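Undergrad: Before anything else, here's the structure in question.
The values are calculated or read from the model by the stated rules, or taken from the named source; none is laboratory data. Quick caveat, the model's predicted, so the values are computed rather than measured. Glycine also receives a Cβ, built like all others from the backbone with ideal geometry; neighbour counts cover every protein chain displayed. The area values use the complete protein model at the heavy-atom level, side chains included, leaving out ligands, DNA and RNA. Shrake-Rupley method; radii C 1.70, N 1.55, O 1.52, S 1.80 Å.
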Amino acid sequence: MEERIQLTKEQAKHPGGLYVLFCVEMWERFSFYGMRALLMLYMLGVLKFSMEKSGHVYGAYTGLVYLTPLIGGYVADRYWGARKCIYIGGIFMALGHFCMAFKELPFFFTALGLLIVGNGFFKPNISTTVGGLYKENDPRRDGGFTIFYMGINVGALTGGLLCGWLGESVGWHYGFGAAGVGMLLGLIMLKLLEKKYLGDICTKPAKCSTHPGETKPDEPLTKIEKHRIAVVFILVFFTIFFWSAFEQAGSSLTVFARDSLNRNLFGWTVPASWFQNLNPFFIIVFASIFSKFWIKLAGLGKEPTTPWKFVWGLGLLGFGFVLMVFAAKSFESSGKVMMMWLVFVYLFHTLGELCLSPVGLSVVTKLAPAKFASLLMGAWFLGNFAANWVGGIFAGSYDKMSTSSFFMIPTATALGSAVLLMFLSKFIKKWMHGVH
């Protein structure tokens, strides 16, 4: 088994490039989540789609943005390198957001297409570049990805607040246009700072992995590499259960906030889209705590394995939906419910996300052979693709059953998958071959 690198206090500091990528991802997520905050409400209120059609379009869009990273990862590994793909993806995404600023329906679907393609080039490659900052079994890696993840959610929070307010209070297309501006700011920041802080990391194909003694691009995979790749796909399978439930935030939970919550706050009605911002707010609050927590546990020799972090994540998500079932039952019996129900639901969902999502990004960069670094990061997002697609179809049935029955389903899938993964964790750890 490979030993963890021991670091001095000075060495425990994260590389400067992490904070550059933090800011670039922050602006990209500003644009993505700013647009997502409005999408469901826009389809229902302006385009006059039915709940079923809105759910299906939402699921197709949020699913496909996680399918195209497989293509973007392959192109980066074989031809262009991760850094070039980040720029290409960002340009496509900016164009997509600006298309949303036009009222005509053809612009709407063109915009979704541009965002789907752009995300495919951007998303896997910026995550792979973060992994390229660290050596193998560097104990800072999970913490580094958690800090990077906080950047995602600073952008998600500010984008959701600003674009959500602009869209609902000033004009829908002002909100979408602001999302496009955010994407351009991220690209400008990367161009200005990359040479100083990133050097040549991930500028060429298959140069992001830090595993010593790996196979060269034209050599067959070793047995250990095959086992590690298998672990990636096993974990991808379990992320489907997590994200199909978690991503109800942009669909059924937003509709619940609109129709079932008492949103009056001192005489002011809280926009329904703003409740999505609870998730990034809680991540900003807790991400640095989790980052330090994993490093401290590693120093004590008590850090849980990646599979067990996933178990924690699924369990906390499931508990959040237990609260959602009680909130729905209260609504069915007594009418509109207090906003605090949804606040606590998002709190537990966020704690679960911090145990699973940044850890998942980190472990892919640890397990992936160099020649498949970005491709496997793209494969990682296949779980999100399947989950969002299924979750969108599921959200379309929100008005076809009682609210409490609806939320019992993600409760059962989250808790059931947590139990299954618990039993498989020892086997998965063995196939990771010393990767933590």
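Undergrad: Would you check which residues across segment 421-436 are within 20 Å of His227 (Cβ to Cβ) and among the hydrophobic types (A, V, I, L, M, F, W, C) and list them?
TA: Within segment 421-436, Leu421, Phe423, Leu424, Phe427, Ile428, Trp431, Met432, Val435 meet the criteria.
Undergrad: In the set Ser402, Ser397, Ser333, Ser374, which member is in contact (Cβ under 8 Å) with a residue 60 or more places away in the chain, out of contact with any Leu (no Cβ under 7 Å at 6 or more places or on another chain) and open to solvent by 40 Å² or more (accessible area, probe 1.4 Å)?
TA: Sole residue among the options that is in contact (Cβ under 8 Å) with a residue 60 or more places away in the chain, out of contact with any Leu (no Cβ under 7 Å at 6 or more places or on another chain) and open to solvent by 40 Å² or more (accessible area, probe 1.4 Å): Ser402.
Undergrad: Answer yes or no as to whether Val311 is more than 19 Å from the chain's Cα centre (by Cα), surrounded by 16 or more Cβ atoms within 10 Å (Cβ to Cβ) and part of a helix (DSSP H, G or I).
TA: Criteria not met by Val311.
Undergrad: Considering only segment 16-61, state which residues are more than 18 Å from Phe107 (Cβ to Cβ) and outside any helix (DSSP H, G or I).
TA: Passing the criteria: only Ser50.
Undergrad: Further question: Restricting attention to segment 259-285, and to residues there that are hydroxyl-bearing (Ser, Thr, Tyr) and out of contact with any Phe, Trp or Tyr (no Cβ under 7 Å at 6 or more places or on another chain), which single residue is least open to solvent (accessible area, probe 1.4 Å)?
TA: Applying the filter and picking the extreme gives Ser273.
Undergrad: Next up: Given the options Ile116, Ile71, Ile147, name the one that is aliphatic (A, V, I, L, M), open to solvent by 30 Å² or more (accessible area, probe 1.4 Å), assigned to a helix (DSSP H, G or I) and out of contact with any Cys (no Cβ under 9 Å at 6 or more places or on another chain).
TA: Ile71
Undergrad: Here's something else I'd like to know. How about segment 352-400: which of its residues are of a type in the set (D, E, K, R), closer than 25 Å to Ile289 by Cβ and in contact with an Asp or Glu (Cβ under 8 Å, 6 or more places away or on another chain)?
TA: The one that is of a type in the set (D, E, K, R), closer than 25 Å to Ile289 by Cβ and in contact with an Asp or Glu (Cβ under 8 Å, 6 or more places away or on another chain): Lys366.
Undergrad: Please name all residue pairs, on different chains or six or more residues apart, with Cβ atoms under 6 Å, provided the first residue is in segment 247-273 and is touching a residue at least 12 places away in the same chain (Cβ under 8 Å) and basic (Lys, Arg) and the second residue is surrounded by fewer than 20 Cβ atoms within 10 Å (Cβ to Cβ) and not in a helix (DSSP H, G or I).
TA: From segment 247-273, the pairs are Arg263/Thr269; Arg263/Val270.
Undergrad: Please go through segment 150-178 and pick out each residue that is of a type in the set (S, T, N, Q) and either open to solvent by 10 Å² or more (accessible area, probe 1.4 Å) or at positive phi (or both).
TA: The answer is Thr158, Ser169.
Undergrad: Of the residues that sit in segment 179-204 and are touching a Ser or Thr at 6+ places or on another chain (Cβ under 7 Å) and not in a helix (DSSP H, G or I), which one is surrounded by the most Cβ atoms within 10 Å (Cβ to Cβ)?
TA: Filtering first and then ranking leaves Cys202.
Undergrad: Still on this structure, please answer the following. Can you confirm whether segment 240-258 contains a residue that is within 15 Å of the chain's Cα centre (by Cα), among the polar types (S, T, N, Q), open to solvent by 20 Å² or more (accessible area, probe 1.4 Å) and within 30 Å of Lys426 (Cβ to Cβ)?
TA: Checked against the condition, which is being within 15 Å of the chain's Cα centre (by Cα), among the polar types (S, T, N, Q), open to solvent by 20 Å² or more (accessible area, probe 1.4 Å) and within 30 Å of Lys426 (Cβ to Cβ), segment 240-258 yields at least one hit.
Undergrad: Glu303 fails exactly one of the following numbered conditions: (1) open to solvent by 20 Å² or more (accessible area, probe 1.4 Å); (2) assigned to a helix (DSSP H, G or I); (3) among the acidic types (Asp, Glu). What is the number of that condition?
TA: For Glu303, the exception is condition (2).
Undergrad: Quick check on Met43: is it at pLDDT 85 or above, among the hydrophobic types (A, V, I, L, M, F, W, C), open to solvent by less than 20 Å² (accessible area, probe 1.4 Å) and touching a helix residue (DSSP H, G or I) at 6+ places or on another chain (Cβ under 9 Å)?
TA: yes
Undergrad: Which residue out of Gly81, Gly55, Gly90 is at pLDDT below 85, of a type in the set (Gly, Ala, Ser) and buried (at least 19 other Cβ atoms within 10 Å of the Cβ)?
TA: Of Gly81, Gly55, Gly90, the one residue that is at pLDDT below 85, of a type in the set (Gly, Ala, Ser) and buried (at least 19 other Cβ atoms within 10 Å of the Cβ) is Gly55.
Undergrad: Moving on to the next point. Taking Gly120, is it touching a residue at least 40 places away in the same chain (Cβ under 8 Å) and within 18 Å of the chain's Cα centre (by Cα)?
TA: yes
Undergrad: Let me ask something else about it. Among residues belonging to segment 122-168 that are under 16 Å from Leu376 (Cβ atoms) and among the hydrophobic types (A, V, I, L, M, F, W, C), point out the one that is modelled with the lowest pLDDT.
TA: Step by step, filter segment 122-168, then rank; the result is Phe145.
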